[in-house]
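Note sheet for the following structure.
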Amino acid sequence: MLCMMKEMSFSSDVMSRHVFGWVSILWLTSAVNIAASQGVTLETISQVVAQCGENVTLTCDATSSGNIKSFSWLAKNKSVCQYGDNGSSEVLCESTAQPHRLTLSLLNVMPVDQGKYICKLHSTSGAKSNTTHVTVQDCIGSCGSSINGSHAECWFNGVYPIGTVHWFQGDGNFTLSASTQAEKDPHGRFNVSSTIRVQKGNLNQPYECSLWIPSARKRLSSQLIPLVEKQIRSSGCTVKLQWICIMAGIMTFMI
């Protein structure tokens, strides 16, 4: 019995020493990682919002007490900009040594370009990463409309986020009787078109079709459709036309 107790005590001592040894190793490893991360800092902008067609610049400033082994921007699990590279036809990549800065420029940004961009640094002092989220919104390219004796149609191309079309004539809302379709283009934008049957009565009042963005809860553009048969028109949308009219008024006043 005494022998058994000694054996159990010996086994307990061995186990305690074994556990203490592993705890010591894990604590030492953690301490080394913390010390290494303290020698590396990264600074990025957390959120960038842009419209379609704009150029977006992402900067990453780094400091490291050790030699830099790799410094890059990553998107969708692949490297898009490396320290010392010049980029490609879709992006520009610039870097400086003092201070350490890596700049990624997204050219002609589109909805397919939005998402998470990770700046990652690896040096002899440790490794660190920071994230910038790119969001694309309020995109619209061209718009237009047509009307004949029975139907009126309007369309909005290059739209993002996806939108729907609301129809009005005077105080009347005819949205529920309209037929609306949306198709996605290769850039992640949408081409939205809507058709409505021309109502009898109120022929002196034009139809108004408005592009409504549900996710943003706002109207992005609108256009008036006079009741003139076989009229087809296309434009750069209401917002741009208003700006042209304002500029024309200013020039007239100056003259």
Just tell me which aspartates and glutamates come within less than 19 Å, Cα to Cα, of Lys128; anything on the same chain fewer than 8 places away is out. Glu43, Asp61
What do you get for trypsin sites (Lys or Arg not before Pro) in the range 44-114 restricted to DSSP loop and a cutoff of at most 13 other Cβ within 10 Å of the site's Cβ? Lys76
Where the accessible area of the range 184-227 is counted over protein heavy atoms with a 1.4 Å probe, how much of it, in %, is carbon and sulfur? 47
Distance in nm between label sites at Lys218 and Thr41, each 7 Å beyond Cα in the beta-carbon direction? 3.6
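The values are calculated or read from the model by the stated rules, or taken from the named source; none is laboratory data. All figures in this text were calculated on a predicted structure; none of them were measured in a lab. Every residue, glycine as well, gets a Cβ built from its backbone with ideal geometry; the counts of neighbours run over all protein chains shown. Heads up: the accessible areas ignore ligands, DNA and RNA and are worked out on the full protein's heavy atoms, side chains in. Shrake-Rupley method; radii C 1.70, N 1.55, O 1.52, S 1.80 Å.
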